[in-house]
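Sending over a structure as structure tokens; questions will come in a sec.
Throughout, read-outs are computed from the coordinates displayed, never taken from laboratory work. These numbers were taken from a predicted model, which means no experiment stands behind them. Note: ideal-geometry Cβ built from the backbone for every residue, glycine included; neighbour counts use all protein chains shown.
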């Protein structure tokens, strides 16, 4: 059984539909005890970091306990960002700190790193299909170099030791992470067609 955490900021329906398309038994949960008991947990997320982090507070202890116990946990989009130490979206906000790294503005990173002004060429938020680079690890098993997945975001992690796939939108950023039983996808696998279903199926095998 894979449960999807409903903490008020998730893209829930499409995630549930994708899991059911794979034949997985799944349900929404909104209490910490269900999080603790779940065989596998998906942490979705759409919107801004700070309000999502606030809504996640009642579940924080349960999430930490299940990760420490070795139970598979997957963060999607904002859900992946919340796994990191902090975000600089509209201020500085502490994340769960389960993975080392920081969430920053892709637009600001582009302005800082570019030798020429690309800001008129690159539009934010980053919305649309983008190829994955250097996919590896269990989460990316069977995913080919250049496989396209669907992104909707303005912030991301530029570097992470746990990164198992990269993407680029003006600047290179981490598209997916994996460390032991903890996984994350900055893109939306539930909206990424056959490639996304492969990635979700890989998670279900972990």
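Take each of the peptides 168-178, 145-155, average the number of other beta-carbon atoms within 10 Å over its residues, and list them starting from the highest.
Numbers: 168-178: 22.0, 145-155: 18.0.
Descending packing order for the listed peptides: 168-178, 145-155.
Subtract the Cα-Cα distance of residue 129 and residue 33 from 0.36 nm times their separation in residues, and report this length gain in nm to one decimal. The partial results should precede the final answer.
Numbers: separation 96, 0.36 × 96 = 34.56 nm, distance 3.66 nm.
Contour length minus the Cα-Cα distance gives 30.9 nm.
Given the peptides 50-61, 179-190, arrange them by the average over their residues of other C-beta atoms within 10 Å, most packed first. Could you put the intermediate results ahead of the total?
On the way: 50-61: 16.1, 179-190: 23.4.
Ranking the peptides 50-61, 179-190 by packing returns 179-190, 50-61.
According to the square roots a ≥ b ≥ c of the eigenvalues of the Cα gyration tensor, what is the shape class of the stretch 12-69, taking rounded for a/c under 1.5, prolate for a/b larger than b/c otherwise, and oblate for the remainder?
Numbers: a/c = 2.41, a/b = 1.23, b/c = 1.95.
The shape class here is oblate.
Run the numbers for residue 22 and residue 92: contour at 0.36 nm per residue of separation, minus the present Cα-Cα distance, in nm. Walk me through the numbers on the way to the answer.
Details: separation 70, 0.36 × 70 = 25.20 nm, distance 3.82 nm.
My answer for the length gained is 21.4 nm.
Which value results when the Cα radius of gyration for the stretch 2-204 is divided by 2.2 N^0.38 Å? Show your work: numbers first, answer last.
Details: Rg = 15.9 Å, N = 203, 2.2 N^0.38 = 16.6 Å.
In units of the 2.2 N^0.38 Å rule of thumb, it is 0.96.
Moving on. Would you compute the Debye intensity of the stretch 124-206 from its alpha-carbon atoms alone, equal scatterers and no solvent, and pass along log10 I(q)/I(0) at q = 0.24 Å⁻¹ to two decimals?
Values returned for q = 0.24 Å⁻¹ are -1.20.
Relative to the longest principal axis of the C-alpha atoms of the chain, give the angle of the C-alpha long axis of helix 12-21, reported between 0 and 90° and rounded to the nearest 10°.
Its long axis makes an angle of about 70 degrees.
Taking the Cα centre of each part, how many Å lie between the stretch 128-206 and the stretch 1-59?
Cα centres, the stretch 128-206 to the stretch 1-59: 18 Å.
Still on this model: So for each of 191-198, 19-26, 71-78 I average, over its residues, the number of other beta carbons within 10 Å; can you give me the resulting order with the highest mean first? Kindly include the intermediate steps, with their values, before the conclusion.
Numbers: 191-198: 17.5, 19-26: 14.4, 71-78: 25.2.
Listed from highest to lowest mean packing, they are 71-78, 191-198, 19-26.
Along each of the three principal axes of the Cα atoms of the stretch 1-113, give the extent in whole Å, ordering the values from largest to smallest.
Ordered largest first, the stretch 1-113 gives principal extents of 45, 28, 22 Å.
Additional query: Mean separation of Cα pairs under 8 Å and 6+ residues apart, divided by the residue count of the chain: what relative contact order is that in percent?
About 19 percent, as a whole number.
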